[in-house]
Every structure is written in C-alpha cells, then in structure tokens.
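Student: Structure in structure tokens, see below.
The values are calculated or read from the model by the stated rules, or taken from the named source; none is laboratory data. Worth saying up front: this structure is predicted, and the values here are computed from it rather than measured. Every residue, glycine as well, gets a Cβ built from its backbone with ideal geometry; the counts of neighbours run over all protein chains shown.
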C-alpha cells in the first residue's frame, strides 16, 4: 500500500480504501479506514500522492505526545559491556501527502493500530508517550503491515553491571522511518546505568527501501541527529 | 519671499538649547521608522517561525526582536533632542529616584513582570486560575498579564497581582487526575462493574495506561454502593476526557444490567399483636 501514486488512483488494502480522482484540476480525495471516513477537494494540475508510514504520535490529536514507548512483553536482561541486536514491533500511522516539485503537504493521517498513551516519569517531570507493547524477536517478525512496523534495536550495555530493560522510549522527532511493503526503523540503545539509557536512530537508508516523508521536515523543521535520554527508568 | 529660505529658517529655529525643530522632526522620523521596521520584522519572524517553534517561545522571540529594534532606534534618535547617552545615565540616577517614587505601582508591576518571566509559573496558552480569575493565558507583558476567561472575557491583570496571588496552573505538569463517584445498586456486582469500567477505559486512547486508573468501592451509602473512579489524562486533554467519560460509564454499566439507583428508603410497617 505504501508508495507514490498519481492523482487518479484507487488503493485498497484490508479495511483501508483511498481514492483520488476527478476531471480537470478538481480532484476528490476520499479515505475510509475502519469506520472512519474523510473527504477533501484537491485542486492540482501536477504532483503525486504519497501514502507512507509516519511517526506514530499524531493521533488522536497532534501535540499530546512526542515520544513512543515500547513496553517489552518480557523483561530483557543484558550482561555488562556486551552488544546485541533484536527486533520489536511498533505502531504506525499512515500519512497521505500531496507532493510537487516545490512543496509537500500533509492532507491526511490515520491509523489502524490501537491508540493508547502512557506517562513516562512522574506527573511533575514526566512526558506523555504513545504506548505499544511488543515481544522481542531474534529475526524480523511477521507484522500486520497496515498496523505495525519493525524496529531493529542495536543495544549496548555500557554499564559495569547487568541491566534489566522493561521499556524503551524514543523521541518522534529523531525517528527515521523507511518502507517497502512494511514500515521499518533502526534504533540504537546505549544503556548508561541501571535506570538510564540513550536512544537514537540510524538515518541511513537500508537496501531496497524508501525513506518515508518526515512530518517534521514536511513542516519545514530542520532535523539534526540527537539522542533521547531515558532518565526515568528502563 | 523665498519659501525655501523661510522653511529652512523655521526648521532651524531653536526650541531648546541646541535643539531645532528639524532635530525634533528627525527624532520623530527615526522613532517612527524604527517602529515600522520593528513591526515588519516581527511580522516576518512570526510568519517564518509560526510552525517551527512553540507558541510561547515564538511570543518571546517576537517581543525580543520588536523591543530590540525600538531600543536601537531610540539610542540612534536621542542625541537629536539634546541628550547624550552618558548624560542620560547620570541624570537617570536622580530621575530614577523621583520617577520611582511617583510610579511605584508601575515599577512594582514591572519588577513582578520580570520575576514572572524568569520564574515562569505560567506560559502563554496555559489554563490557569489566578486569584479569582480562571482562564487561558493569552499574553505575559512587562506590566500586565492578559487572560481569556473560560467564558471568553478579556481580563488584564497587573503583574503585581499575578505575582502575589495563588496561581493554579492546570497545564504545568504532563498529566493530571480527576475523579467521578458512581453509585450502583446493592444487588449489583461491584467487581463486575469495576471490570466493565476498566475495559471501557482501556479503549480510550487518552486515559493513561500509567498511572493506572483506580476504581474501588469507597462507601456503602444509604441508597447505593459508591464507586470512586480516578483517571489520569494528559493535562492538555483532561477536560475533554472528563466531559466524555461519565455518560459512557453510565451507558456501559446499564448495558451490562448494572443499576444506578435513585435515592431510596426502605420503610417497614409494624403491626400490633393481638
């Protein structure tokens, strides 16, 4: 379902239906996802429609959260000073963009994944995160492509003791999402203490994948590589 | 008569010592140009940064840019009306005492405003109660703070009042809690009611997973078993969640056959023996 489309197109996958088309410049955009429907009128001579996975923090309302927390089904314990790699699932939101040579405009965002939020830290100092729960997988797991993506985790224990991890928190601003027929991210976790870690993303495009449209860059916000510090527990 | 010479004579006429009408005219023009430039720059800064920085930061940047340009204009213009900056600083010391006494309230508001900006107990866009005024903070200026009350009224509070009042900021923390009390009939199963409410909350995205909602029997009251329901929601969204959920709880409980009773009294009628 993800990809670049002309402005006369019909896309269907599972419970999702996206249509854009019409005569002349005036086009009708229609989207149905589950029971939710939306319709917009687009005036365009050229350009394309992109349907891509985006950072999962836009729904039900933009501004509620800027972080994603993935809670692990079972706690993960790692030996001092070793590195490991595993995979998790993360929720996706699907963004629909109009793109021409000059500009990128987000016209719709929807999700088929369950939406739930959680507080990370204390009410005074903590942050609201989009919540998701995932098992740990040794290899890339099978995912429901309209609801979930795969995130590769390269984890490193830089602390002198064994560390137990129950959750990982990522900043949406740092995310770099890629896609072919499913969404994919690659994150780094550096465990600094028993209760503190840094999370960051690899922005290098994997082979045979496309970079998704970044909602922050689409808004004209310049991104620079940063790390998020999980300081309220792992 | 030569008109040019006449205009020149008028313009060069000394009003005060060393200050001509032309100097005052130049002073006014410089200040006016500075104000115009400041407004244009502020507008462009607003347009350029509107979607890139938070509202509160944008307001501060706008003010900083605006007043910096005005102050620069003022520094450039002031020698034209016979003041030198060094003279101003000396005179400022004496004048400061006099003006300070005469404008105690203004100074008090100004100092309070500076403390408010430094301490930041409130930000633009926060929902607050300050003294007896409740609403959304629209602006924090040097002398006053403006609030749009919950019912849409514009209120200007002097900063001194804001600084010395109790401030309740509903958005200062990431999450906040609210609660409902729901009475169910004595014949209904409280455990079942709690489970139904928990399942309902699990479906709502903005009822936080952690801290977990708390639901428990608080009181065995006259007409009902009273359940306390405590919910945590993001501070920016709590009111919407609060207005939405009570009715949904009622509908969900009734759908499951759990009765929410009216106040009732059981009357026993005695009969005389024999």
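Student: Answer with yes or no whether residue A:183 is under 13 Å from the mean Cα position of the chain (by Cα) and either within 14 Å of chain B (Cβ to nearest Cβ) or touching a residue at least 12 places away in the same chain (Cβ under 8 Å) (or both). Walk me through it before giving the result.
Tutor: On the way: under 13 Å from the mean Cα position of the chain (by Cα): yes; either within 14 Å of chain B (Cβ to nearest Cβ) or touching a residue at least 12 places away in the same chain (Cβ under 8 Å) (or both): yes.
So residue A:183 fits the description; yes.
Student: Can I ask one more? Residue check: is residue B:185 in the same structural domain as residue B:232 (by TED's automatic domain parsing), free of Cβ contacts under 8 Å to residues at least 60 places away in the same chain and under 30 Å from residue B:264 (Cβ atoms)?
Tutor: On the way: in the same structural domain as residue B:232 (by TED's automatic domain parsing): yes; free of Cβ contacts under 8 Å to residues at least 60 places away in the same chain: no; under 30 Å from residue B:264 (Cβ atoms): yes.
When the stated conditions are applied, residue B:185 does not pass them.
Student: Residue by residue through segment A:42-67, note down the ones that are out of contact with any helix residue (DSSP H, G or I) (no Cβ under 6 Å at 6 or more places or on another chain) and within 14 Å of chain B (Cβ to nearest Cβ).
Tutor: Listed by number, the residues that qualify are A:56, A:58, A:59, A:60, A:61, A:62, A:63, A:64, A:65, A:67.
Student: In segment A:36-65, how many residues are surrounded by fewer than 12 Cβ atoms within 10 Å (Cβ to Cβ) and at pLDDT 85 or above? Spell out how you get there, then give the answer.
Tutor: The initial filter retains those residues of segment A:36-65 that are surrounded by fewer than 12 Cβ atoms within 10 Å (Cβ to Cβ), namely A:36-37, A:39, A:41, A:43, A:45-46, A:62.
Now drop any that are not at pLDDT 85 or above, which leaves A:36-37, A:39, A:41, A:43.
The qualifying residues number 5.
Student: State all residues of segment B:207-236 that are closer than 15 Å to residue A:123 by Cα and modelled with pLDDT of 90 or more; if no residue qualifies, say none. If you could, list the steps in order and put the result at the bottom.
Tutor: Residues of segment B:207-236 that are closer than 15 Å to residue A:123 by Cα, as a first pass: B:207-213, B:230-236.
The answer is B:207, B:208, B:209, B:211, B:212, B:213, B:230, B:231, B:232, B:233, B:234.
Student: Restricting the search to segment B:237-250, which residues are surrounded by 11 or more Cβ atoms within 10 Å (Cβ to Cβ) and either at pLDDT below 85 or in a helix (DSSP H, G or I) (or both)?
Tutor: Step one: of segment B:237-250, the residues surrounded by 11 or more Cβ atoms within 10 Å (Cβ to Cβ) are B:237-242, B:244-246, B:248-250.
Within segment B:237-250, B:238, B:239, B:240, B:241, B:242, B:244, B:245, B:246, B:248, B:249, B:250 meet the criteria.
Conditions (1) in contact with a strand residue (DSSP E or B) (Cβ under 8 Å, 6 or more places away or on another chain); (2) assigned to a loop (DSSP other than H, G, I, E, B); (3) under 30 Å from residue A:63 (Cβ atoms); (4) in the same structural domain as residue B:136 (by TED's automatic domain parsing), marked per residue:
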{"site": "B:9", "(1), (2), (3), (4)": "no, no, no, no"}
{"site": "B:15", "(1), (2), (3), (4)": "no, no, no, no"}
{"site": "B:33", "(1), (2), (3), (4)": "no, no, no, no"}
{"site": "B:45", "(1), (2), (3), (4)": "no, no, yes, no"}
{"site": "B:59", "(1), (2), (3), (4)": "yes, no, yes, no"}
{"site": "B:66", "(1), (2), (3), (4)": "no, no, yes, no"}
{"site": "B:70", "(1), (2), (3), (4)": "no, no, no, no"}
{"site": "B:75", "(1), (2), (3), (4)": "no, no, no, no"}
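Student: Whether any residue in segment B:149-171 is within 14 Å of chain A (Cβ to nearest Cβ), under 30 Å from residue B:259 (Cα atoms) and crowded, with 16+ Cβ neighbours inside 10 Å is what I want to check. Don't jump to the end; show me each part of the working.
Tutor: Start the filter on segment B:149-171 by keeping residues that are within 14 Å of chain A (Cβ to nearest Cβ), which leaves B:169-171.
Within this subset, residues satisfying the condition of being under 30 Å from residue B:259 (Cα atoms) are none.
No, segment B:149-171 contains no residue that is within 14 Å of chain A (Cβ to nearest Cβ), under 30 Å from residue B:259 (Cα atoms) and crowded, with 16+ Cβ neighbours inside 10 Å.
Student: Could we say that residue A:90 is farther than 24 Å from residue A:164 by Cβ and crowded, with 21+ Cβ neighbours inside 10 Å here? Lay out the reasoning, then the answer.
Tutor: Details: farther than 24 Å from residue A:164 by Cβ: no; crowded, with 21+ Cβ neighbours inside 10 Å: yes.
No, not satisfied.
Student: Restricting to segment A:122-144, name every residue that is away from every other protein chain (no Cβ under 13 Å) and closer than 25 Å to residue A:64 by Cα.
Tutor: We begin by selecting, within segment A:122-144, every residue away from every other protein chain (no Cβ under 13 Å); these are A:134-144.
Passing the criteria: only A:134.
Student: Evaluate the following for residue A:119: is it free of Cβ contacts under 8 Å to residues at least 40 places away in the same chain, over 12 Å from the mean Cα position of the chain (by Cα) and either under 22 Å from residue A:185 (Cα atoms) or within 12 Å of chain B (Cβ to nearest Cβ) (or both)? Explain how you work it out, then say what you get.
Tutor: On the way: free of Cβ contacts under 8 Å to residues at least 40 places away in the same chain: yes; over 12 Å from the mean Cα position of the chain (by Cα): yes; either under 22 Å from residue A:185 (Cα atoms) or within 12 Å of chain B (Cβ to nearest Cβ) (or both): yes.
So residue A:119 fits the description; yes.
Student: Can you tell which of B:143, B:110 is in contact (Cβ under 8 Å) with a residue 40 or more places away in the chain and away from chain A (no Cβ under 14 Å)? Please lay out each step first, then the result.
Tutor: On the way: B:143 fails: in contact (Cβ under 8 Å) with a residue 40 or more places away in the chain.
Of the residues listed, the single one that is in contact (Cβ under 8 Å) with a residue 40 or more places away in the chain and away from chain A (no Cβ under 14 Å) is B:110.
Student: Which of the numbered conditions does residue A:17 fail, given that it passes all the others? Conditions: (1) more than 30 Å from residue A:229 (Cβ to Cβ); (2) loosely packed, with under 13 Cβ neighbours inside 10 Å.
Tutor: (2)
Student: In this structure, is residue A:151 buried (at least 22 other Cβ atoms within 10 Å of the Cβ), within 14 Å of chain B (Cβ to nearest Cβ) and part of a strand (DSSP E or B)?
Tutor: no
Student: Can you find even one residue in segment A:154-163 that is touching a strand residue (DSSP E or B) at 6+ places or on another chain (Cβ under 7 Å), in a loop (DSSP other than H, G, I, E, B), touching a residue at least 24 places away in the same chain (Cβ under 8 Å) and within 14 Å of chain B (Cβ to nearest Cβ)? Steps first, answer last, please.
Tutor: Within segment A:154-163, the subset touching a strand residue (DSSP E or B) at 6+ places or on another chain (Cβ under 7 Å) is A:154-159, A:162-163.
Pick out the ones that are also in a loop (DSSP other than H, G, I, E, B) and you get A:158-159, A:162.
Narrowing the set further to residues that are touching a residue at least 24 places away in the same chain (Cβ under 8 Å) leaves A:158-159, A:162.
Restricting the remaining residues to those that are within 14 Å of chain B (Cβ to nearest Cβ) gives none.
No, that holds for no residue.
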